[in-house]
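The values are calculated or read from the model by the stated rules, or taken from the named source; none is laboratory data. From a predicted model like this one, the values you see are computed outputs, not experimental measurements. We place every Cβ from the backbone using ideal geometry, glycine too, and count neighbours over all the protein chains shown. For accessibility, only protein heavy atoms count, side chains too; no ligands or nucleic acids. Shrake-Rupley method; radii C 1.70, N 1.55, O 1.52, S 1.80 Å.
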Amino acid sequence: MKLEEIRTALAADLAEATNEAALAVVKARYLGKDGVVTNLRRNVDFSAMTPDERKGFGLAFNELRSLAESELDAVQARLSAAAQPAPAGFDYTLPADDRRLGSIHPIIATQLEIEDIFRSMGFSVFAGDEAVSEFENFDALNIPGDHPARDMQDTFWLENGMVLRTHTSSMQNRAMRQLGVPLRAIFPGRCFRNEALDITHENTFYQLEGLLIDRDVSVANLIAVMRDFLAAVFRRDIEVRLRPGFFPFVEPGFELDFRTTLGGVRRWVELMPCGMVHPQVLRNAGVDPDVYSGFAFGLGLTRLAMLRHGVPDVRLFNKADLRFCQQFPASF
Ligand code: FA5
């Protein structure tokens, strides 16, 4: 038999050795005095070989013998373990000890990375709440009860009159009051909308709001911060452009698009609404608009995580399907 054939035959014999007696027979067949492996060396005519051939044979033979020994030992160990009686009181019906290491959800991983980028630019992270007052979510942002913008952000109302926030902009008023101005902060978190669901709309999703209030803040500052931030997220050079966009709490308001090479194609991607904070929004938080100005942006964090990982359907994030979640190994 050739070395390769011996290997295959040994594996087949080991697979059939289901008790220690059968294993002893296999061991004798291969490594015994008259065993297949032992005989290999006995039957070779070394005098007919060149020194190189002798050396090659020696190496291959030794490798085969150690392999046979270690495989026999492994099966021996397995059979001995199986032969041990179960410890007294061992309950076979208990679930197996299956502790799998989890990993950070791709949206939260993206959020943590973005928090680091903004911290490096001097922003603090303001947590906020998911259930907020109607005033914080709407009125403080120039969206009174009869404003059409309320329809676009239909939400879930609690019995005590509070709402599940429809956007992280709901934290603007509280942040200005609690942190005071000048201020640089981001507020990431979960938002909720009573939406018709499709591949880009969920009823529960993440946004990340940014707010910078200071003296003499301009649109140029907004563009510079956004460009630095996106270049850090995508780790490459980024172009940004602003198109007009309407939100009652900014004036002027924009939609920010960025352009970079994604999937081999250089194209514009619509990313986030933003704008200069409306003077009334500053006044509503006790900030004097004649002294201070600022910008705000509302990044769709879920959307960004989709872009980064090429996730085609937003609903996959909330399904808790392990086949999906396990594709994002821990990155920390
Ligand atoms: C807002 O929510 C504004 N608060 C953003 C803003 C902040 C404007 C500051 C100006 C200044 P909009 O409704 O467009 O805007 O939502 C912002 C982003 O959140 C969207 O671009 C999208 O990425 C994400 N988003 C909105 N609705 C959903 C949804 N149902 N599912 C998933 N992502 C959503």
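Overview of values
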item	result
Gain upon complete extension [Ser47, Gln327; 0.36 nm per residue less C-alpha separation]	95.0 nm
Structure-based [θ]222 nm, the chain - -39500 (n - 2.57) summed over DSSP H runs of at least 4, per residue, nearest 500	-12000 deg cm²/dmol
Residues Met121 and Ala220, FRET efficiency given R0 of 22 Å [Cβ-Cβ distance, rounded to 0.05]	0.90
Whether the chain is rounded, prolate or oblate, judged on the alpha carbon gyration tensor where a/c under 1.5 counts as rounded	prolate
Segment 106-325 - accessible surface per residue (Å², probe 1.4 Å)	46
Difference of contour (0.36 nm per residue) and Cα-Cα distance, Ile108 to Thr204	33.2 nm
Alpha-carbon centroid distance for the pair segment 61-130 / segment 170-198, whole angstrom	37
Relative contact order for segment 84-238, counting Cα pairs under 8 Å that sit 6 or more residues apart, in percent	21
Projected label distance in nm at Ser80 and Ala231, using a 7 Å step from Cα toward the beta-carbon	6.4
Cα-based helix-to-principal-axis angle, 219-234 vs the chain, degrees rounded to 10	10
Length gained when the stretch Arg100-Ala320 is fully extended (0.36 nm per residue, less Cα-Cα span)	77.7 nm
Listed peptides 268-281, 54-67, 243-256 by packing density, highest first (mean Cβ within 10 Å)	268-281, 243-256, 54-67
Nearest 10 degrees, 0 to 90: helix 106-120 Cα axis against the chain principal axis	60
Rounded to 10°, Cα long-axis angle of helix 20-31 versus longest principal axis of the chain	70
Extreme residue, positive dipole direction of segment 106-325, given options Phe297, Val265, Pro312 (C-beta unit charges)	Val265
Ordering of 166-173, 211-218, 144-151 by burial proxy (mean other Cβ atoms within 10 Å per residue, highest first)	166-173, 211-218, 144-151
Cα shape, segment 104-236, gyration tensor, a/c 1.5 rule	oblate
Assigned charges on the beta-carbon of Lys, Arg, Asp, Glu; segment 21-144 dipole about Cα centre (debye)	1640
